[in-house]
1. Relative to the longest principal Cα axis of the chain, at what angle does helix 115-127 sit, 0 to 90 degrees, rounded to 10?
2. Relative contact order for the chain: what percent, with Cα pairs under 8 Å and sequence separation of 6 or more?
3. Which label marks the calculated value of Cα extents along the principal axes in Å, given the options [x] 66, 41, 29; [y] 55, 38, 36; [z] 66, 62, 34?
4. Modelling each spin label as a point 7 Å along the Cα-to-Cβ direction, I'd like the Trp159/Lys194 distance in nm, to one decimal.
5. Would you work out the charge dipole size for the chain about its Cα centre, treating the Cβ of every Lys and Arg as +1 and the Cβ of every Asp and Glu as -1, and quote it to the nearest 20 debye?
6. In deg cm²/dmol, rounded to 500, what helix-only [θ] at 222 nm does the chain give when every DSSP H run of at least 4 residues adds -39500 (n - 2.57) and the total is split over its residues?
7. Report the antiparallel proportion of the DSSP beta bridges in the chain as a percent, rounded to a multiple of 5.
8. How far apart, in nm, are the 7 Å Cα→Cβ label points at Leu56 and Val210?
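Since every read-out is calculated from the coordinates, none of them should be taken as a lab result. Quantities reported herein were computed from a predicted structural model and do not represent experimental measurements. We place every Cβ from the backbone using ideal geometry, glycine too, and count neighbours over all the protein chains shown.
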Amino acid sequence: MKILLYNAYKGIKKYFWESGDLHTPHGIVKEKDIINNNNPKSHSNKEFQSYEANFLDKIKKIKRGPQTLLQKDLAYINLYIEKDSTVVEAGTGTGLLAATIAQKAKQVYSYDINESHLKLAQKNLDFLKITNVELINKDIYEGFDKKTDTLILDLPQPWQVPFNNVKNGGTIIAYLPTITQVMEFYKTKLYIEKTIELLEREWYVQDKKVRPKSQMQGHTAFLVIARKL
């Protein structure tokens, strides 16, 4: 996949390309020109700039379904994923979290009781060409048999999940929308390291015009970071 940029009068326009000719309001860009040239031109002689899409570009094109975690939460969770580790997560949804942590982990096992979610997630994993994620149709509240370094739970009642197959010292991360869920999770026998809430605000910068954008990504959920001892 490639990204093509066109510097239009009202700002830069961004186009995703996978295969075939690219049809845009600025003309048709031939497939061979996109493949062989970083500055391809359309049939109307409009010049584009192109570059290879990275993971963040590609996930913008995955199929949507259940609500997904935002990048601010995904990025923080990914800090706790060790290279070549085994990770279990529950609440597969679209597969976005599994796909993100699979960039670092050796193997990811993702549990969900909803078959339609798992089918959607598999399509997204195939689109992203990720092969180290195994999707499992099972209620994780009943337990899981995969030994894991890290357990990530996007569930209404994560405190009901058995933690016996998390290694000693392993990390358990709970994604909880409400503070009452956080309070309930604190009743477990885990060592709770911290509870955080991430906020993200983008800035507008153009010449000497500098200001925060009026909209920001506020509360999505609390992240509770715990260790099994």
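1. For helix 115-127, the angle is close to 50 degrees.
2. The normalised contact order for the chain reaches 13 percent.
3. Entry [x].
4. Once both label points are built, they end up 2.3 nm from each other.
5. Dipole about the Cα centre, nearest 20: 740 debye.
6. Result for the chain: -5000 deg cm²/dmol, rounded to the nearest 500.
7. 65 percent
8. So the two model labels end up 2.0 nm from each other.
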